[in-house]
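**Q** This is the structure I have questions about; it appears just below.
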Amino acid sequence: MRRLSLGLALGWMAVLFWLSSQPAIDAPLLFPGQDKLFHAGVYGLLAAALLGAQPAGRRGYGRRQAWLAAALASLYGITDEVHQAFVPGRSADVWDWVADTAGAALAAWLLARASALRAGPATPTGNPRKPKDLT
């Protein structure tokens, strides 16, 4: 699963690079700020794949793993914005990077939280809880 997630992350990064290389992407404007929502979503997917590429513990993914995935996605967002500065018809925008980072952080946190909830409650000894003997 980790290799698949890493492959998905690298593939998604290639798709993002290709999209950033296009002079312009014509999309109908449905509401103000929709491009920032798009940025948050695509970088959220990247962070989710980067998180999935890491080993999950018995308690799911930890905070450090979530922050690492979000930070890597955010760093890729910076390189994407710099790349766009050299593409005719495109420009670098710090607010796009802010949206990238916010989407990555939110997705990584949600996925890490969901994995911890799925793992179940923690116990002090790490052993499964045994019901009390009521006899």
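**Q** Once both labels are modelled 7 Å past Cα along the beta-carbon direction, what's the LEU30-HIS83 spacing in nm?
**A** Reported label-point gap for LEU30 and HIS83 is 2.5 nm.
**Q** 222 nm [θ] for the chain, helices only, -39500 (n - 2.57) per DSSP H run of 4+, per residue, to 500?
**A** When only DSSP H runs of four or more count, the value is -22500 deg cm²/dmol.
**Q** Still on this structure: Of (i) 1.34; (ii) 1.78; (iii) 1.18, which one was derived for Cα Rg over 2.2 N^0.38 Å from the structure shown?
**A** (i)
**Q** Go through the stretch 13-99 and name the chymotrypsin sites (Phe, Trp or Tyr not before Pro) that are in a DSSP coil and have 13 or fewer other Cβ atoms within 10 Å of their Cβ.
**A** Details: sites: PHE17, TRP18, PHE38, TYR43, TYR61, TRP67, TYR76, PHE86, TRP95, TRP97; in loops: TYR61, PHE86.
Answer in residue order: PHE86.
**Q** Using the crude model of +1 on Lys and Arg Cβ and -1 on Asp and Glu Cβ, and no other charge, please compute the dipole size for the chain relative to its Cα centre, in debye to 20.
**A** Its charge dipole is roughly 1180 debye.
**Q** Another question, if that's okay. What angle do you read, to the nearest 10 degrees and between 0 and 90, between the alpha-carbon axis of helix 2-20 and the longest principal axis of the chain?
**A** 20 degrees
**Q** Only Cα pairs within less than 10 Å get springs; with that Gaussian network setup on the chain, which residue of ALA24, ALA48, ALA105 has the largest fluctuation?
**A** ALA24
Taken together, the values in this text are just the output of simple stated rules run on the coordinates, not laboratory data. Just so it is clear, the structure is predicted and the values come from calculations on it, not from any experiment. Reconstructed Cβ throughout: ideal geometry from the backbone, glycine too, with neighbour counts over all protein chains shown.
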